[in-house]
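Here is the structure we will look at.
Please treat every number below as a calculation from the coordinates, not as lab data. In this text, all values refer to a predicted model and were calculated from it rather than measured experimentally. Don't worry about glycine lacking a Cβ; one is built from the backbone with ideal geometry, like all the others, and counts go over all protein chains shown.
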Amino acid sequence: MSIQEASDLWQQGAACRGPNQMIFFPPPRLERRSDKRRREQRAKEICGSCAVQGPCLEYAMGIREQHGIWGGLTENERREVANAANGC
Ligand code: SF4
């Protein structure tokens with residue numbers, strides 16, 4: 001199985017598929033801090049009930065995804081995890 005096929009498989013179980021997708025990424029316009037906090041909290045709640053949270057986070061960390069919430073972590077939180085793992 002190729003990496004792409006493995007990725008496609010876990011993405012089929014993603015709880016964020018469909019209309020909820022929008023809240024996992026910042027909007028194109030400026031976002032107020034309070035709106036961002038609410039949006040991220042809602043996305044994290046969905047991630048918390050997602051059957052593929054582990055593979056999703058592993059994928060995002062593996063490709064160093066720079067944008068959005070993946071596996072229940074924001075981009076900044078993923079960066080902190082990566083830095084901690086690298087001893088930074
Ligand atoms: S963990 Fe979150 S971002 Fe990842 S697939 Fe599930 S709902 Fe989507």
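When you go through ALA15, ALA82, ALA51, ALA60 one by one, which is the residue that is more than 8 Å from the ligand (Cβ to nearest atom) and either in contact (Cβ under 8 Å) with a residue 40 or more places away in the chain or surrounded by 11 or more Cβ atoms within 10 Å (Cβ to Cβ) (or both)?
Numbers: ALA15 fails: more than 8 Å from the ligand (Cβ to nearest atom); ALA51 fails: more than 8 Å from the ligand (Cβ to nearest atom); ALA60 fails: more than 8 Å from the ligand (Cβ to nearest atom).
Testing whether each residue is more than 8 Å from the ligand (Cβ to nearest atom) and either in contact (Cβ under 8 Å) with a residue 40 or more places away in the chain or surrounded by 11 or more Cβ atoms within 10 Å (Cβ to Cβ) (or both) leaves just ALA82.
I'd like to check something: does region 18-37 contain any residue that is in a loop (DSSP other than H, G, I, E, B) and within 11 Å of the ligand (Cβ to nearest atom)?
In the first step, residues of region 18-37 are kept if they are in a loop (DSSP other than H, G, I, E, B); the result is 18, 25-32.
Applying the additional criterion that residues be within 11 Å of the ligand (Cβ to nearest atom) yields 18, 25.
Within region 18-37, one or more residues are in a loop (DSSP other than H, G, I, E, B) and within 11 Å of the ligand (Cβ to nearest atom).
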